Structures are given as structure tokens and as C-alpha cells.
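Derivation of every value follows stated rules applied to the coordinates shown; laboratory data play no part. Bear in mind the structure is a predicted one, so any value in this text is a computation, not a measurement. Every residue, glycine among them, receives a Cβ derived from its backbone with ideal geometry; neighbour counts consider all protein chains shown.
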Amino acid sequence: MSKSNVIKIGLCGFGTVGQGVWKHLQRTKGEMEARLGVRLELARVAVRDPRRKRAVRLPASKLTTDAMAVACDPAIGIVCELMGGTDLARQVTLAALREGKVVVSANKALISAHGAEIFATARKHGGHFFFEASVAGGIPIIKALREGLVANRFPCIYGILNGTCNYILTQMEELDAPYDCVLAEAKQLGYAEADEALDVQGWDAAHKAAVLAWLAHGRWVDPKHMIVEGIDRITPADFKNAATLGYGIKLLAIIVRDFATDELSVRVHPTLLPEGNVIANVNGVYNAISVTGDVVGTTLYIGRGAGQDATASAVISDIADAAALLRHGKNLHLTSEVAPLPAGGVKLAPLERIRGCYYLRLTVRDQPGVLARIASVMARHHVSIASVIQNASETDGTASLVLTTHESNERAMQTTLRDVSRLASVVDRPLLLRIGEFSE
Ligand code: NAP
Ligand code: HSE
């Protein structure tokens, strides 16, 4: 193969994802090269600690600690940013794009925080930014939205976007496993972020929801403006209560647009899903996304949402697109190069307009009149009770009270929660979960 048919790749990051990419790229290199008509060569790899032992071996001569040098190396055409974080990752990404290179990224935190700047830089300097691995691991949801479903507008996209949380919830529900042990296992398996709080507090799913909302609606929504709640306060008792009521519990990202009012809501929270809902039965590290398009109807995507191999699959698909782009120039099939949707007048929906039913778990003093006081607070905010489950403690004079509501809205429920927490008979911080009823 002639020299002009060699494309050099630089990896910034050789951890869980970086090693997976190189492991599988080496395995599939022959087929990829035959299909793409180019030779893919690993030029340099930036890591923090070159002496660290790694499962995937590399010649020491390829290693550097200088990620910017990889980004700016004129011989490198494709830079894979697989370090994580938003500071150095941003610098590396912008530097490579300014040089007109293709950047492949799995970094949803970076895209959520700096997506507008990254895409503007790519457009200005003729660089390209591919990010299939940033959402839902091995599921090609980015391609589905911008290519396969390009004819559609999207009134509702919802699903499980965090593999770590789904793994934890599944293990807690099925095996009654303690939260901390399962979280440690998820880290060991390479599912969790370096800062696992991003996973369990819902921020990682919010970053991914921001990317999907931008793809579907052309607007960047800052996670600060979303409802973002994690799974760290869910207890085994919540699974039992949910099952009694006919639900499972999943951490969902929900992106809803009302095209009549042009209002958009993006939120992430643990959600009670009816047991018959397909997504309620997607377990372990698997992600699942339901995308409703106005032309196609509802489509569903399920696959591994985290971990080395699933993520490597998505990164390598971007590397293949990048190689085709560098080898053959603009490709009509590559609609990922189509400009983003104009946001138009889309605005964020006020809390009153986010409607649904709710599950409220309270620990209360087991005394006469307590339920009446709680019901009175709820009535004051026009929240109607649908069901009550009460379990008294045999030891400390408290009772666990689980109330579900008829349809209400976020504003009413948040003020209800605030006022109920202030009652002297409520002894612990209440837990509010949303009940998700979606048409499939
Ligand atoms: P990781 O295992 O922690 O690997 C990070 C890599 O970046 C390591 O090789 C580390 O070097 C290197 N690195 C960190 N800071 C650096 C610096 N200042 N200079 C040079 N190298 C540096 O993380 P990961 O799980 O592979 O995740 C990487 C990215 O993919 C993140 O954005 C993450 O959100 C995203 N992602 C991960 C998954 C997953 O399942 N793990 C799935 C989808 C997306 P050392 O090895 O020397 O420490
Ligand atoms: N920590 C993320 C998750 C990795 O568990 O989903 C995949 O983005």
C-alpha cells in the first residue's frame, strides 16, 4: 500500500476504552483495511503514567505523557480522545480540530459542556468531530438519530442511558445485593466513570441526554436546567414497594418536546416503569432507548451501554467513518456531516407543564393523625392520593409510608415535598420517584 494510503491514529487515553479500541482494531484491521482501502497505523498513545501495567501491550516507544503533542502531530489524521474530563480533553480536541483533523470522542461530559464550541471549531477549521461512543455505549444511537431517522421530528425519546446504574439497580433488585458492593463491582468491570458520582447521581445520563436533545432538537440544554436525580437513595424496600404496585425501577433520561407549544423538557431520574414495559425488563449493563419519530412511530434500541468491548465497537465505527472521510473526501452517505438542526424557538418547559404520577416514600412517627396531616399538605397543593402502603417498624415507633398520586406536575410535587419534609412527624428525608407511563 502506498504511503498516501496510510492513516495514522493517535490515542489520547489508553485505559478501559483506549485499550479496547486498540485490541479490537488490531483484530479487525485486515478486514477494515480491505473495506476502507487504507492502512490504519497506531502512531502515538498518550497516558498519564507510562509505567502502569496494562492488559493490552504497546511498544514503549509509542507512549507519551503529552496528549497535546499527539493532537498536534502533523502525521496523525485521527485523534481519539479517550481520557475523560473536560479540561485537557477540551484543549486536545480543539487543537486537533484547528489542525483540520478528525477527532473521535467517547466523552459525553466534554460534549455536554463544550459541544457548541467544539462543533463551531470543527466547522471553522475544516476538522470533524465524531462521537458515537459518547451515548449508550455500543448502541449506534447517534447514527440512528441523525442518519436513519433524519426524516423525523421527535416528540419523545426516553430510556436507560447509564450502564453502571442499570447494573446496580438490577443486582439490588434481583440479588438483594448491597449498593456499595455492587458499585465496587461496576467499577471493577470498567463500567463506571473515574468519578463514579457522575454515574450514581445521574449526571452522566444527563450529559448523554444533552447530546441526544441537541441532535434531536438543535438546542444545547445545560444539565443545570434539567431535573437530575440519581439512584443513591433507592433502597431494597423501594423495589419491593414498586413490585407490589406493579412496577420496576429504572434510571431514565426523558426528552419530551411539545411541538404545539415548542416546549422541551429534558430530565433524568429514577422512574417506576410498568412491569410490562420492555425497558423495565432491560437489565444489567444494558441500555435501552425508545425513540418516537413523527414519521416512523416508535423504535427501540437495546445493547450494552458501557464497558470495554461495547464502547470500543462504537469508537471503531467512528474511526472507520473518519478513515473513509480522509481517504475519499466528503461522502454523501455520511450524514453525520450534515449541519445541526436549527433550534428555532424551542424553549424549556416550565415545571407546571411536566406532568405525571408520583411515588412518595416517607418515614413517619407511627402516631394518630400523621397520615391526615400529610394528606392535608398534599391537598393544599392539589395533589390527589391514589394509593397508600404502610409498614410499621417493630422496633423504633416509626412507619414507612408509601403514597402514590394521581396525575400532578413537578411544581406541585416539589412544593409538596418541601412542605411534607417540614412536618414534625416526618423523621427522615422523603424520597420522591416519578411513575413513567409511556405509550410503546
Ligand atoms: P480510564 O480507564 O480512566 O482511562 C483514562 C485514560 O486516560 C488512561 O489511560 C489515563 O492514563 C489517560 N489519561 C488521564 N489523564 C491523562 C492526562 N492528563 N494525560 C494523558 N493521559 C491521561 O477511562 P475510560 O473508562 O477508558 O473512559 C475514557 C472516556 O470514555 C471517558 O470520557 C468516559 O466517559 C468515556 N466512556 C467510557 C465508557 C466505559 O464503559 N468505560 C463508555 C463510554 C464512554 P493512565 O492509564 O496512565 O492513568
Ligand atoms: N459510566 C458510563 C455508564 C459509561 O455506566 O454508562 C458509558 O458511557
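Summary table below
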quantity: Degrees separating the helix 163-175 axis from the principal Cα axis of the chain, which is the longest one; calculated: 40 degrees
quantity: Percentage of interatomic Cα-Cα distances in the chain larger than 40 Å; calculated: 24 percent
quantity: Normalised contact order of the chain, rounded percent, pairs of Cα under 8 Å and 6 or more residues apart; calculated: 16 percent
quantity: Nearest-0.05 FRET efficiency for K347 and A69, computed from C-beta distance (R0 51 Å); calculated: 0.70
quantity: Segment K29-S439, length gained on full extension (0.36 nm per residue, minus Cα span); calculated: 143.3 nm
quantity: Descending principal axes extents, the stretch 184-273, alpha-carbon based, whole Å; calculated: 40, 36, 18
quantity: By average C-beta atoms within 10 angstrom, highest first, the peptides 129-135, 56-62, 384-390; calculated: 129-135, 384-390, 56-62
quantity: Degrees separating the helix 179-188 axis from the principal Cα axis of the chain, which is the longest one; calculated: 10 degrees
quantity: Two-decimal log10 I(q)/I(0) for the stretch 351-435, as the Debye equation yields it once each C-alpha is a single scatterer, q = 0.18, 0.21 Å⁻¹; calculated: -0.69, -0.93
quantity: Estimated distance in nm for a label pair at T235 and Q390, the labels positioned 7 Å out from Cα along Cα-to-Cβ; calculated: 1.8 nm
quantity: Long-range HN-HN contacts of T299 with modeled amide H, under 5 Å; calculated: V291, T292, G293
quantity: Proxy reagent accessibility, fewest Cβ within 10 Å first, across S376, S290; calculated: S376, S290
quantity: Value of relative contact order over the stretch 235-339, rounded to a whole percent, pairs C-alpha under 8 Å and six or more apart; calculated: 15 percent
quantity: Stokes-Einstein D in µm²/s, Kirkwood radius over Cα pairs - the stretch 293-440 at 10 °C with 1.306 mPa s viscosity; calculated: 79 µm²/s
quantity: By average C-beta atoms within 10 angstrom, highest first, the peptides 239-247, 397-405; calculated: 397-405, 239-247
quantity: Potential extension, E275-A55 segment - 0.36 nm per residue separation minus Cα distance; calculated: 75.2 nm
quantity: Contour excess over end-to-end distance, with Cα ends at A379 and R123 and 0.36 nm allotted per residue; calculated: 86.8 nm
quantity: HN-Hα J in Hz across the stretch 291-300 - Karplus 6.51, -1.76, 1.60, θ = phi - 60°, x for Gly and Pro; calculated: 10, 9, x, 6, 9, 7, x, 9, 10, 9
quantity: Most to least packed among 95-102, 215-222 [average Cβ atoms within 10 Å]; calculated: 95-102, 215-222
quantity: In order through the stretch 155-162: 3J(HN,Hα) via Karplus (6.51 cos²θ - 1.76 cosθ + 1.60), integer Hz, x for Gly, Pro; calculated: x, 8, 10, 8, x, 8, 10, 10
quantity: Over the stretch 58-179: Kirkwood hydrodynamic radius from C-alpha pairwise inverse distances, Å; calculated: 16.6 Å
quantity: Rh (Kirkwood; distinct C-alpha pairs) - the stretch 142-305, Å; calculated: 16.1 Å
quantity: Whole-number D in µm² s⁻¹ for the stretch 189-234, Kirkwood Cα-pair radius fed into Stokes-Einstein, 25 °C, 0.890 mPa s; calculated: 216 µm²/s
quantity: ³J(HN,Hα), Karplus 6.51/-1.76/1.60, whole Hz, each residue of the stretch 346-357, x for Gly, Pro; calculated: 5, 10, 6, 5, x, 4, 4, 8, 8, 10, x, 9
quantity: Total formal charge among the other residues, if their Cβ is under 11 angstrom from that of R267, Lys/Arg +1 and Asp/Glu -1; calculated: -1
quantity: For T271, residues with placed amide H under 5 Å, excluding near neighbours; calculated: K250, L251, L252
quantity: FRET efficiency estimate (nearest 0.05) - Cβ-Cβ, T86 to L300, R0 25 angstrom; calculated: 0.20
